[in-house]
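Encoded as structure tokens, the structure appears first; notes follow it.
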Amino acid sequence: QVQLEESGGGSVQTGGSLSLSCQASGSFDSSSVMGWFRQAPGNEREWVGHIVESGRTNFRDNVRGRFTISRNVARNTITLQMDNLKPEDTAVYYCKLVSRGMEYWGKGTLVTVSS
């Protein structure tokens, strides 16, 4: 079983920055993919970005250039750095890990961006 614990989030004004972290524990392999999704009120959950074993990252178009993901392999942690935040980034952000064909989710953390 895999557990994901998210931290960070909170409230910030437009143009500000926030950092979210997700630490994984349990049994998973080194080739697992970790990433972030978000869900705004009234919307479906959407993919934000992910990082693979090689360290390569990919992001949805409307956050590319503003968001980055880094990985600390020793601590089984990924960090989502969000810069130049916009009100449309307001959402609950969820960490996800995919390993051995299984998907695991964190409980989510709220990010609020005010104009």
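Accessible surface for the chain, divided over its residues, is 54 Å² per residue with a 1.4 Å probe. Near the amide H of Phe67, within less than 5 Å, lie the amide hydrogens of Asp83, all on another chain or at least 5 residues away, with H placed in the peptide plane. Computed on protein heavy atoms with a 1.4 Å probe, the accessible areas place Met102, Met82 in the order Met102, Met82, largest first. In this structure, the amide hydrogen of Val48, modeled 1.01 Å from its nitrogen in the peptide plane, lies closer than 5 angstrom to those of Trp36, Phe37, Arg38, counting only residues at least 5 positions away or on a different chain.
Evaluating 6.51 cos²θ - 1.76 cosθ + 1.60 at θ = phi - 60° for every residue in the range 94-100, the Karplus couplings come out as 10, 8, 9, 10, 10, 8, 6 Hz, glycine and proline recorded as x.
Its Cα centre serving as origin, the range 66-111 has a Cβ charge dipole (Lys and Arg +1, Asp and Glu -1) of approximately 220 debye. Taking θ as phi - 60° and the Karplus parameters 6.51, -1.76 and 1.60, the scalar couplings of the range 11-19 work out to 10, 8, 8, 3, x, x, 10, 9, 10 Hz in sequence order, x denoting glycine and proline. The largest accessible area among Asp83, Asp89, Asp61 belongs to the first residue in Asp61, Asp83, Asp89, and the rest follow in falling order (1.4 Å probe, all chains). Taking the 1.4 Å solvent-accessible surface of the range 17-115 as the whole, the part contributed by carbon and sulfur is 47%.
Largest accessible area first, the listed residues Lys107, Lys86 line up as Lys107, Lys86 when surface is computed with a 1.4 Å probe on the assembled protein chains. With 0.36 nm allotted per residue and the present C-alpha distance subtracted, the Gln3-Lys86 stretch has 26.9 nm of extension available.
In this structure, the amide hydrogen of Thr90, modeled 1.01 Å from its nitrogen in the peptide plane, lies closer than 5 angstrom to those of Val113, counting only residues at least 5 positions away or on a different chain. Contact order, relative form, for the chain: 36 percent (alpha carbon pairs under 8 Å, 6 or more residues apart, mean separation divided by residue count). Residue by residue, the range 43-50 carries 3J(HN,Hα) couplings of 10, 7, 5, 10, 5, 9, x, 8 Hz when phi is fed to the Karplus relation 6.51 cos²θ - 1.76 cosθ + 1.60 (θ = phi - 60°); x denotes Gly or Pro.
Using only side-chain charges placed at the Cβ, +1 for Lys and Arg and -1 for Asp and Glu, the dipole size of the chain relative to its Cα centre rounds to 120 debye.
The values are calculated or read from the model by the stated rules, or taken from the named source; none is laboratory data. What you see is a predicted model; the values in this text were computed from it and never measured. Here the Cβ is made from the backbone with ideal geometry for all residues, glycine too, and neighbour counts use every protein chain on show. Remember, those area values only see protein heavy atoms, side chains included, never the ligands or the DNA or RNA. Shrake-Rupley method; radii C 1.70, N 1.55, O 1.52, S 1.80 Å.
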